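J.: The following block contains the structure, expressed as C-alpha cells.
The values are calculated or read from the model by the stated rules, or taken from the named source; none is laboratory data. Every value quoted in this text rests on a predicted model; they were computed, and no experiment measured them. Cβ sites come from the backbone with ideal geometry, for glycine too, and all protein chains shown count toward neighbours.
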Amino acid sequence: MDKTVRTRFAPSPTGFMHIGNLRTGLYAYLFARKNGGKFILRIEDTDRERMVDGAIEMVYRTLATAGIDYDEGPDRDGGVGPYIQSDRMSLYREYAEKLVELGGAYYCFCTKERLEGLQDENGTHTYDKHCRNLSKEEVAARLAAGEPYVIRQKVPEHVVSSYEDMVFGEISVSSDDIEDGILLKSDGMPTYNFANVVDDHLMGITHVIRGTEYLSSTPKYNLIYDAFGWERPRYMHLPPIMKDATRKLSKRFGDANFEDFVAKGYLPQAIVNYIALLGWCPKDNREKMTMEEMTEEFDVSGISTSSSIFDEAKMRWLNGEYLKAMTEEEFYKVSAPYIAASKVGGKYDEAEIARLMQTRVDILSEIPDKIAFLDDFGEYDLGMYVHQKMKVDLNVAKQAVKVSIDAIKDLDVWNEESIKDAVKAAAEAAGMKSGQVMFSMRVALTGQPSTPGGAIEMAVVLGKEESLRRLEFSQEMLARA
Ligand code: GLU
C-alpha cells in the first residue's frame, strides 16, 4: 500500500456498545495495526434525538477495557479534528455550500406540506427534484428573504455508480435509483450521508470499515466524493452478527452489551477474542489468540460475507480457556473480587478458594454459587451418604467420619498432601477403602450432594478448625440416625 493506512471507528452515542459495534471497531483497529497505519476514533453525535446520556464516556471506557487503543480521537489530537461531529458544524455548512458551487448539490425550499403531498400509500416519498433547477438568482433571492431550506445532493442522472468492496466485491447502483437526498438539514445539521463523506475525507481515512447496512448506500456517497473531486476511500463492509437465525443483535433491544459481559465475569480479552471470530477466521483456524496474534493474522481474505450467530456458550467456553491458562496469581487477582463479594468473603483463605475454582468455572460470576457450601452448613439429608457402588451406607459413613476425625485432629501441617496421607493411613488402619472414607468425609464436611472438589480439597479450604467442627456435627447427626 502506498499511503499510510488510516481507519476509523465512528460510534454513535445512542446507547451501550453491543458486540457488533465493538467488532467493527476491532476490525478497523486490527487492519490499521496490521498495516502499520493509524486508527482514529470519531464520535458521530448528529442524531441529537437518539443521544443517550453517558454514552460517550461508555465508548471511551469500553475501548480502554477492550484494549483497543486509538491514535487520534477527541482526547488525542492528530491535527484533523475536532473528532466529535457536533463540534464540526461549521465545516459541514462550508462543504455543503462548496458542493452547491461545484454542481453536486442544490438548495431546496420545499415545505413540509409539499413533501407530505409526495407520499405514497406507505407514507414514504421520493423527492421529485422540484428545486433541482432553480436559477441562481431565484435561490439568492429566497435565501436573502430568509426562507428555510435544506441542501440536497444533485445525483447525476443515468449513470451507474460502482465500487469494489474488499469483502463483497463489486457493488453497482444505477443513479436513477438514488434520491436527491438531504445533505444539510434546515437546522444546519448534516445527515449521516453527508457527514461520513466530509469527515472521512478530511480525516484522511483510506479504508472505511463498517457494517453492511451501508453497503448499498456507498455508491451514493461515492458520487459525493466524485463531485468534490476527492479520492474515494476503499471499503470493507462487515456482515451482521445475529442473535439467532433471523434476528440481528441490536442495541435497541439491549442485546449483548460488552460492559454487561464484563460485569458478568467475562475477561475483556476473552470477549474481544471471541468477537474477532464472529465473521473472521485466521488462516490456521486458531481460536484462542492474543491481540498481538490477531493483529499479525488479520487479513481481509478471512472475512466472511455471511452473517454469524452470537453464541454465548462458545464465548463462555473460550473464557474458561483463558481462566485455565492464567497463572495462580493472575487468577487470584481476577477472582478475588468475586470471592470477597460472596457470602464467605473474608472467612476463609481466599488464595485457597481461588486455587480450587480456577479449573472449575468458565466465568468468574459462577464463583459465589460454587463456594456457597462454605457458608451454608447445617442439618442435611443423610440419604446423601448412601452410595451403592462404593458400598457406603449409614453405618459405613459413621465409621468413615470417625476415621477422618481421628486422622486429622492432631495434624500440624494442613495441606493437601498431609491431609491425604493422614486420611489414607487411617482408612487402611481401620480396614476401610480410602474411597469410602473420602466420599463420606466430603459429605460430612459440606452437607452437599456435589461440591467443586473432593474431601481433601474441601478440608484445605475450610481449614482445620472448621473441618473438625463440621465432621463432629455430622458425627452427631449420624449418631442420631
Ligand atoms: N455512526 C455510524 C454507526 O454507528 C457509523 C457508520 C460508519 O462507520 O460510517 O452506525
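J.: Within the range 229-263, restricting attention to residues that are outside any loop (DSSP other than H, G, I, E, B) and among the basic types (Lys, Arg), which residue is modelled with the highest pLDDT?
T.: Out of the qualifying residues, it is ARG234.
J.: Moving to a separate point now. For residues that are buried (at least 21 other Cβ atoms within 10 Å of the Cβ) and either of a type in the set (Val, Ile, Thr) or more than 14 Å from the ligand (Cβ to nearest atom) (or both), scanning just the range 224-256, find the one that is nearest to GLU164 (Cα to Cα).
T.: Among those that are buried (at least 21 other Cβ atoms within 10 Å of the Cβ) and either of a type in the set (Val, Ile, Thr) or more than 14 Å from the ligand (Cβ to nearest atom) (or both), it is ILE224.
J.: Out of GLU457, GLU472, I need the residue that is in contact (Cβ under 8 Å) with a residue 24 or more places away in the chain, surrounded by 15 or more Cβ atoms within 10 Å (Cβ to Cβ) and acidic (Asp, Glu). Which one?
T.: One residue alone meets the criteria, GLU457.
J.: In addition: Please go through the range 11-30 and give me each residue that is modelled with pLDDT of 95 or more and more than 10 Å from the ligand (Cβ to nearest atom), ordered by number.
T.: Passing the criteria: LEU22, ARG23, LEU26, TYR27, TYR29, LEU30.
J.: Here's something else I'd like to know. Go through the range 432-475 and report how many residues are closer than 16 Å to ASP393 by Cα and either more than 50 Å from the chain's Cα centre (by Cα) or outside any helix (DSSP H, G or I) (or both).
T.: Count: 5.
J.: Just the residues that are in a helix (DSSP H, G or I) and loosely packed, with under 12 Cβ neighbours inside 10 Å, please, taken from the range 143-178.
T.: Answer for the range 143-178, where residues must be in a helix (DSSP H, G or I) and loosely packed, with under 12 Cβ neighbours inside 10 Å: ALA144, ASP176.
J.: Need pairs with beta-carbon distance below 8 Å; first residue closer than 14 Å to MET236 by Cβ and within the range 5-18, second assigned to a loop (DSSP other than H, G, I, E, B) and within 7 Å of the ligand (Cβ to nearest atom); sequence gap 6+ or separate chains.
T.: The qualifying pairs are ALA10/GLU44.
J.: What is the residue count in the range 82-122 for residues that are in contact with a Lys or Arg (Cβ under 8 Å, 6 or more places away or on another chain) and free of Cβ contacts under 8 Å to residues at least 24 places away in the same chain?
T.: 1
J.: Right, something else. Taking the condition of being more than 16 Å from the ligand (Cβ to nearest atom) and either aromatic (Phe, Trp, Tyr) or touching a residue at least 24 places away in the same chain (Cβ under 8 Å) (or both), how many residues in the range 165-178 meet it?
T.: Qualifying residue count, the range 165-178: 4.
For every residue, the table says whether it meets (1) at pLDDT below 95; (2) more than 23 Å from LEU223 (Cα to Cα); (3) in contact with a Cys (Cβ under 9 Å, 6 or more places away or on another chain).
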residue: TYR92; (1), (2), (3): no, no, no
residue: THR126; (1), (2), (3): yes, no, no
residue: CYS131; (1), (2), (3): no, no, yes
residue: ALA140; (1), (2), (3): no, yes, no
residue: GLU147; (1), (2), (3): no, yes, no
residue: HIS158; (1), (2), (3): no, no, no
residue: VAL167; (1), (2), (3): no, no, no
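J.: Select from the range 396-431 the residues that are outside any helix (DSSP H, G or I) and within 28 Å of ASP349 (Cβ to Cβ) and list them in ascending order.
T.: Listed by number, the residues that qualify are LYS409, ASP410, LEU411, ASP412, VAL413, TRP414, ASN415.
J.: Within the group GLY211, GLY181, which residue is of a type outside the set (Val, Ile, Thr), over 24 Å from VAL80 (Cβ atoms) and within 16 Å of the ligand (Cβ to nearest atom)?
T.: Going through GLY211, GLY181 in turn, just one is of a type outside the set (Val, Ile, Thr), over 24 Å from VAL80 (Cβ atoms) and within 16 Å of the ligand (Cβ to nearest atom): GLY181.
J.: Further question on the same structure: Can you tell me which residue in the range 192-208 is surrounded by the fewest Cβ atoms within 10 Å (Cβ to Cβ), limited to those that are part of a loop (DSSP other than H, G, I, E, B) and more than 12 Å from the ligand (Cβ to nearest atom)?
T.: GLY204
J.: Moving on. Within the range 214-223, which residues are within 14 Å of the ligand (Cβ to nearest atom) and over 20 Å from LYS3 (Cα atoms)?
T.: Result: TYR214, LEU215, SER216, SER217, THR218, LYS220, TYR221.
J.: OK, next. Check THR46, THR65, THR14, THR4 and return the single one that is surrounded by fewer than 22 Cβ atoms within 10 Å (Cβ to Cβ), assigned to a helix (DSSP H, G or I) and of a type in the set (Ser, Thr, Tyr).
T.: The match here is THR65.
J.: Pick from the range 31-68 the residues that are basic (Lys, Arg) and more than 10 Å from the ligand (Cβ to nearest atom): which of them is farthest from PRO282 (Cα to Cα)?
T.: By that ranking, first place goes to ARG48.
J.: Okay, moving on. Considering only residues of the range 71-96 that are in contact with a Gly (Cβ under 9 Å, 6 or more places away or on another chain) and among the aromatic types (Phe, Trp, Tyr), which is farthest from MET291 (Cα to Cα)?
T.: TYR92
J.: Check SER308, SER301, SER342 and return the single one that is more than 21 Å from the chain's Cα centre (by Cα) and closer than 19 Å to LEU30 by Cβ.
T.: Result: SER301 is the single residue among SER308, SER301, SER342 that is more than 21 Å from the chain's Cα centre (by Cα) and closer than 19 Å to LEU30 by Cβ.
J.: What about GLY79, is it among the small types (Gly, Ala, Ser) and either outside any loop (DSSP other than H, G, I, E, B) or touching a residue at least 40 places away in the same chain (Cβ under 8 Å) (or both)?
T.: Against the criterion (among the small types (Gly, Ala, Ser) and either outside any loop (DSSP other than H, G, I, E, B) or touching a residue at least 40 places away in the same chain (Cβ under 8 Å) (or both)), GLY79 does not qualify.
J.: So LYS288 passes all but one of these: (1) touching a Leu at 6+ places or on another chain (Cβ under 7 Å); (2) part of a helix (DSSP H, G or I); (3) basic (Lys, Arg). Which condition number does it fail?
T.: Result: LYS288 fails condition (2) only.
J.: Can you name every one of the helices (runs of 4 or more DSSP H) wholly within the range 306-395 that holds 2 or more residues which are within 30 Å of ALA245 (Cα to Cα) and of a type in the set (A, V, I, L, M)?
T.: In the range 306-395, 312-324 are the helices (runs of 4 or more DSSP H) which contain 2 or more residues that are within 30 Å of ALA245 (Cα to Cα) and of a type in the set (A, V, I, L, M).
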